[in-house]
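Report on the following structure.
All of the numbers you see were taken from the coordinates with simple rules; none came from a lab. These numbers were taken from a predicted model, which means no experiment stands behind them. Here the Cβ positions follow ideal geometry from the backbone for every residue, glycine too, while neighbour counts run over all protein chains shown.
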Amino acid sequence: MSDVITNILVCGTGGQGVMTAAEILSQAAIARGLDCKKSEVAGMAQRGGVVTSHVRFGKRVWSPVITPGTADILVAFEVAEGSRWADMLRPGGVAMVNTIRLVPPVVSAGLFKYPDDPVAQMRAAGVTVYDFDAGAIARELGDLRLINTIMLGAIADYLPFPAGELEEQIVGRFREKKPAMVEVNQKAFAAGRDAAESAKTKTSAA
Amino acid sequence: MTAAVQAKPQSRLLLSGNDAIARGVWEAGARVAAAYPGTPSTEILESLSLYPDLYAEWSVNEKVAMEVAIGGSMSGARSFCAMKHVGLNVASDAFMTVTVAGVIGGLVIAVADDVGMSSSQNEQDSRFWGRFAHVPVLEPADSQEAYEMAKYAFELSEAYNTPVILRLTTRVCHVKAVVQVGEKVAHAIGGFKSDARRWVMTPANAKGLLPAQIAREGKLQALAEASPLNFLDDGKDKRVGFVTSGPAFMHVRESFPDAPVLKLGFTYPVPLALVEKLAGQVEHLVVVEETEPLMERELKAAGLQKIHGKDLLPRLGELTPNVLIPAIKTFLGEPVPPATTYPKFDPFPRPPTMCAACPHMGVYYSLARMRKNVQISGDIGCYTLGAGHPWNALDSTISMGASMGIALGMDKARSEETKDKAVVAVIGDSTFLHMGMQGLLDIVYNRGNVTVLILDNRTTGMTGGQNHAGTGKGLKGDDTPRVDFTKLVEALGVNPERIKKIDPYQLPVVFKTIKQETAIPEVSVIITDRPCVLSEFYSKIEPYKVVDEDCTGCGNCINVGCPAITVKRSESKVRPDGKVNELKFTTIDTAMCTGCNMCVESCGPKAIVKAKPAVAAE
Ligand code: SF4
Ligand code: SF4
């Protein structure tokens, strides 16, 4: 085990499952015997506001927050939120972005503008972005709540441990409480991995 | 959370600081625990309520929570109370005196500071209270320490006959980290023994106890010097040595892995000799503390040399690595690496909004429509969101329960310009019971002309839906008597004819009632009655949709503020007179809509209709 710390920033908006995703990642890390810290922004932010969770794991983790410019992976559950936090990434870090656009009332009302293409913006600045429509995949699988599992699947191959261990954390939760959900979550996890893979191929071809 | 309750001794768990404290309190054998919910401290009591052999309650406010814990301690039970920083202001009266009387069963007070202000009306440093009250302060830096110190605090409390403050910050409370738990120790309740000299704080009795308080402080000082909670984590780079406490230690260790760091957990009384020892080994000493330069001043006052602190570091907010590294490097004359390599994109802001169908929206929608003629005094809670878009319907929010008194002040201080404006105070159910009642009594007593809106959504919404005396449920979900707001308000002296109970979903009724009551020059109280959409009392019904052909793009429904309603298309239309009309055609997210009916009332052309058949997953 090296001393290297893995920094993952999970972001999105209130109610999207950001906290659960971060929790699952952390559980996978401690199941490995790693030290882990997970910070969240709670309180007012829950009511549809900006939500982030910092997950850090490794042999010994000190600070509970990720220093800007040192995140290895940015998992964005919403595309503009991805751009909001992109500067947290270290050079060479990866942004895994769900392309769903959640337009807040202040934008609807015309007080602010939603960026036309946040992904293009990030790319223009040199950020490595892999983007795909997790909502569409979830709908195809029959349940929008699967977005969470899909996004975790998408980063599974970028973690310092086998994807199967993360999958086990997700599926294990359902095995006890809702066994019927096991299979569809396995599918969602696999679909997330595939989506990330094709997003990667597409990006490097472009 | 449940995992911690069932966890076997020695198991390794991922726990938040709050859950870790609960486990520590339970393991210490505490028997009484009380709190009023407040971010970031709320989950401590929620977590404690799951443990057996322990009485846990939501109190109406922190003062009462403190009093309950004091009563427990007097009776020989290990007792605990928890609150957020501003809560200790509320509880301070009882607190400042129990510190003189002392304890029987260990008395531990967890106070959580919202450093960085994620959801509070101010940022204040609770460590001051330790100095003010002459009680020891323990400051954990992560979940493991929070758990251990919670346990130790009871022993300390009993051994030195003093309440103990466990000072927390958001980054302890809400950070999950690995904790190895231990075993519960049994601690019987001795029962109350009458001792008036000790418990009846007449001047003569209290005076007799004061010398003991001062003597105790001296002993605690010696204890802090020797405490294993204070230790030197050495390093070879002797240019700067750091003195830290709480999560600041973690940030320093991360930022400067080679520097010697004095890690203080037992932070008051300050272990001066320890600091002096470190000072002897390094060129400079930097005190890294969140938020006030408390220790820094104490060290300087004690005559220690080469002390730095707030001359290099910010006084506000968290001292995270991105703050520490540039500050210290600049001080040492080293180049500061650029903080980030990617630019900041800064898209639109995304302020928190009320939930779809939140019963508060109708009230703010109505207030917004009479905005020019009302002054609105607000309070702490979800309904503070009425200050935001699209309502902009609050003129003040100061502190918990203050809306009434402030409204009375506004009423009594009318100017020529404001003499015809109605003064409205808006407060929630939990907040009204917490501290609002006294303010209403004062309005009645002093013949104020204020319209009080009690928005009863049968929960403590902002902190996540906790029960209170107005919900008919206790902390554990058990049935209890439910306060009757109408009767309560009447008992405070409000004219029964001026008490109106309304359904906030009926927009015309809401509007008419507020209009009518604000026109009458005496105190009136309007009580709304619809549960929070996140509470167990809420039931969703069939959703609505917008019929495209009928929608004129007037945008009226947007002003209700429901997040389920969004603009799907905007259009600029030039009217015959040359003026441009901005049309906004809307759509309703049927998955979010609960069918509350509020927006329907706002729609002139009746374009909002039932979306049958109910759309599940398209
Ligand atoms: S949580 Fe309840 S009170 Fe708060 S905004 Fe949502 S519906 Fe309204
Ligand atoms: S009926 Fe209208 S106001 Fe109520 S939840 Fe649905 S969209 Fe929102």
Practice task
Could you compute the FRET efficiency for B:Met370 and B:Arg447, with r as their C-beta to C-beta distance and R0 at 35 Å, rounded to 0.05?
Solution key: 0.90
Completion exercise
Between B:Val450 and residues 5 or more places away or on another chain, the pairs with built amide H atoms under 5 Å apart involve B:Val523, B:Ser524
Exercise for the section: Multiply the residue separation of A:Glu165 and A:Ala190 by 0.36 nm, subtract the distance between their alpha-carbon atoms, and state the gained length in nm to one decimal. Expected result: 7.7 nm
Completion exercise
Dividing the mean separation of Cα pairs under 8 Å (6+ apart) by the residue count of chain B yields a relative contact order in percent of 10 percent
Practice task
Give the long-range amide H neighbours of B:Ile104: residues separated by 5 or more places, or on another chain, with amide H under 5 Å away, using H modelled in the peptide plane at 1.01 Å from N.
Solution key: B:Met74, B:Gly76
Fill in the blank from the handout: Phi angles of segment B:478-491, converted by Karplus (6.51 cos²θ - 1.76 cosθ + 1.60, θ = phi - 60°) into ³J(HN,Hα) in whole Hz with x for Gly and Pro, give 6, 6, 9, x, 9, 5, 9, 4, 4, 5, 4, 5, 5, 4
Practice task
Show the residues, 5+ positions off or on another chain, whose built amide H is closer than 5 Å to the amide H of A:Gly12.
Solution key: A:Val51, A:Phe77
Practice task
Multiply the residue gap between A:Glu183 and A:Arg101 by 0.36 nm, knock off their C-alpha separation, and tell me the result in nm, one decimal place.
Solution key: 26.7 nm
Exercise for the section: Enumerate the aspartates and glutamates that B:Lys606 could reach by cross-link, defined here as Cα to Cα under 15 Å, with residues fewer than 8 away along the same chain left out. Expected result: B:Asp548, B:Glu549, B:Asp550
Problem - Selected from A:Ala134, A:Ala163, A:Ala125 as most flexible by GNM, with chain A as the system and alpha-carbon contacts under 10 Å - result: A:Ala125
Handout entry: Amide N of segment B:67-104 lying under 13 Å from the label point, which is placed 7 angstrom from the Cα of B:Leu210 along Cα→Cβ
Key = B:100
Completion exercise
For segment B:181-267, using Cα atoms only, the Rg and Dmax in Å read 20.7, 58
Problem - Of B:Lys421/B:Lys515; A:Lys59/B:Lys176; B:Lys487/B:Lys512; B:Lys300/B:Lys329, pairs whose Cα-Cα distance is over 19 Å - result: B:Lys487/B:Lys512; B:Lys300/B:Lys329
Exercise for the section: Starting at the first residue of segment B:210-226, write each ³J(HN,Hα) from the Karplus equation 6.51 cos²θ - 1.76 cosθ + 1.60 with θ = phi - 60°, in whole Hz, x for Gly and Pro. Expected result: 4, x, 5, 5, 5, 4, 4, 4, x, 5, 5, 4, 4, 5, 4, 4, 9
Exercise for the section: Write down the Kirkwood hydrodynamic radius of segment B:385-502, to one decimal in angstroms, obtained as one divided by the mean of 1/r over all alpha carbon pairs. Expected result: 15.3 Å
Exercise for the section: Using label points projected 7 Å from each Cα along Cα→Cβ, tell me how many nm separate B:Ala226 and B:Thr202, to one decimal. Expected result: 4.0 nm
Problem - For segment B:3-226, alpha-carbon Rg and Dmax in angstrom - result: 16.3, 52
Exercise for the section: Could you tell me what fraction of 2.2 N^0.38 Å the Cα radius of gyration of segment B:141-239 comes to, as a two-decimal ratio? Expected result: 1.46
Handout entry: B:Arg569-B:Lys300 FRET efficiency (beta carbon distance; Förster radius 56 Å; 0.05 resolution)
Key = 0.30
Completion exercise
Quick shape summary for the protein assembly as shown, equivalent ellipsoid via Cα gyration tensor, semi-axes whole Å in descending order, reads 43, 38, 25
Completion exercise
Placing one equal point scatterer on each C-alpha of chain B and summing with Debye, one gets log10 I(q)/I(0) at q = 0.08, 0.09 Å⁻¹ equal to -0.69, -0.85
Fill in the blank from the handout: Here the gain from full extension of B:Ala186 to B:Asp93, 0.36 nm per residue of separation minus their alpha-carbon distance, amounts to 30.3 nm
Problem - Label point distance in nm, A:Lys59-A:Ala124, each placed 7 Å from Cα along Cα→Cβ - result: 4.4 nm
Problem - Along each principal axis, Cα extent of segment B:544-610, largest first, Å - result: 40, 19, 18
Problem - For segment A:111-199, average projected area of the Cα convex hull in nm² - result: 7.7 nm²
Practice task
Using DSSP to define loop residues, name the chymotrypsin sites (Phe, Trp or Tyr not before Pro) in segment B:469-550 whose beta-carbon has at most 16 other beta-carbon atoms within 10 Å.
Solution key: B:Phe537
Exercise for the section: For segment B:537-585 and segment B:405-424, compute the distance between their C-alpha centroids and round to whole Å. Expected result: 35 Å
Exercise for the section: With a cut-off of at most 12 other beta carbons within 10 Å, and DSSP calling the residue loop, which GluC sites (Glu not before Pro) in segment B:145-218 qualify? Please list them. Expected result: B:Glu183
Exercise for the section: Pop a pseudo-label 7 angstrom from the Cα along the beta-carbon direction at both A:Arg139 and B:Arg239 and give the gap in nm to one decimal. Expected result: 5.7 nm
Practice task
Evaluate E = 1/(1 + (r/R0)^6) for B:Asp478 and B:Asp577, where r is the Cβ-Cβ distance and R0 equals 60 Å; express this FRET efficiency to the nearest 0.05.
Solution key: 0.40
Handout entry: Rounded, prolate or oblate (a/c below 1.5 giving rounded, otherwise prolate when a/b exceeds b/c) for segment B:230-332 by Cα gyration tensor
Key = rounded
Practice task
Would you list, by chain and number, the lysines whose Cα falls below 29 Å from the Cα of B:Lys193, excluding same-chain residues fewer than 8 positions away?
Solution key: B:Lys63, B:Lys151, B:Lys184, B:Lys207, B:Lys219
Completion exercise
Reduced to Cα centres, the span from segment B:258-318 to segment B:142-198 in Å works out to 26 Å
Fill in the blank from the handout: From the Cα centre of segment A:65-92 to that of segment A:157-205, the distance in Å is 21 Å
Exercise for the section: Pick out, in residue order, every one of the trypsin sites (Lys or Arg not before Pro) in segment B:523-600 that is DSSP loop and has at most 10 other C-beta atoms within 10 Å; say none if there are none. Expected result: B:Lys579
Practice task
Taking all pairs of distinct Cα atoms, average 1/r, flip it, and tell me the Kirkwood hydrodynamic radius of segment B:468-578 in Å to one decimal place.
Solution key: 18.3 Å
Completion exercise
Burial-style ranking of B:522-529, B:440-447, average other-beta-carbon count within 10 Å with highest first, yields B:522-529, B:440-447
Exercise for the section: Give a residue-ordered list of calculated ³J(HN,Hα) values for segment B:388-396 (Karplus: 6.51 cos²θ - 1.76 cosθ + 1.60, θ = phi - 60°; whole Hz; x for Gly, Pro). Expected result: x, 6, x, 7, 6, 10, 9, 9, 7
Handout entry: Cα-centred dipole magnitude for the protein assembly as shown, charges only on beta-carbon of K, R (+1) and D, E (-1), debye, nearest 20
Key = 620 debye
